[in-house]
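FYI, it's all coordinate maths here, none of it is from the lab. Here the structure is a predicted model, which means the values were calculated and not measured. Ideal geometry is used to build each Cβ from the backbone, glycine not excepted, and the neighbour counts take in all protein chains shown.
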Amino acid sequence: MNPKKRTQKREPQNRAKQKQRLFTMLGIGLFLLFLGYVTWQQTSSGEALAPDAVPDPFIGPTDAAVEVVEYADFGCPACRAWHNSSVREQMFTTFDDQVRFVWKDFPVITALSPKAAEAGHCAAAQGKFWEYHDYLYEQASGLEIDQLKQYAEAVGLDTTLFGQCLDSGMMVRKVRAGEQEARRLGLRATPGFAINGRPLNGAPTFEILAAEIEQALGN
């Protein structure tokens, strides 16, 4: 066969293969776009996570005999004062692994408090709740969204992931669940506490907290 004719015969075949590859690539691209859109809808469009899907931040062993829960607000001056009093640290020095300390949200003091509570859980999603918690109580100058994002950078969080979490509202239900639990317990102010489920209103001194823990231990 004439080489020229063979070349002419292959050209339509090559063009057909190129078109097929192009259509395949377009199909894959459209599928990836669709998959990305679905993922965005589920994670960035306001689909809040179920409260049970978000662990409560805690310090201490999971099998501790006494669980001390603080229901608090990042916009609460009394909560800040209790944090800076170092009562929690005294508690662990005295009772060590007999106690577990748990944080739950009770964001009722300022209009910015609920978003700050969400920010705490967004930090927890990167394993840095307590670093973020301490920064808010010790160094934060405000709780505006832009400031919450700046604090994330200050404590070494992935700011892109943090921003996506905060903007999406995925922690809204978790924050509301904490507030609802505090109200069910009859807590009237922040910070409020519960010792093995028994409510304790107000910010306890170390002496009061120690007495409550001793009672819970049966001592």
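General observations
- Computing FRET efficiency as 1/(1 + (r/R0)^6) for Ala111 and Ser141, where r is the C-beta to C-beta distance and R0 is 25 Å, gives about 0.90.
- Remark: spin-label model distance Glu207-Gln90 equals 0.9 nm, labels positioned 7 Å along the Cα→Cβ axis.
- With a Förster radius of 25 Å applied to the C-beta separation of Gln180 and Asp134, the computed FRET efficiency comes to 0.45.
- DSSP finds beta bridges in segment 51-217, and of those with both partners inside it, around 55 percent are antiparallel.
- Ordered by the count of other Cβ atoms within 10 Å of each Cβ, fewest first, Asp97, Asp167 give Asp97, Asp167.
- The ratio of the alpha-carbon radius of gyration of segment 51-217 to the globular-protein estimate 2.2 N^0.38 Å is 0.99.
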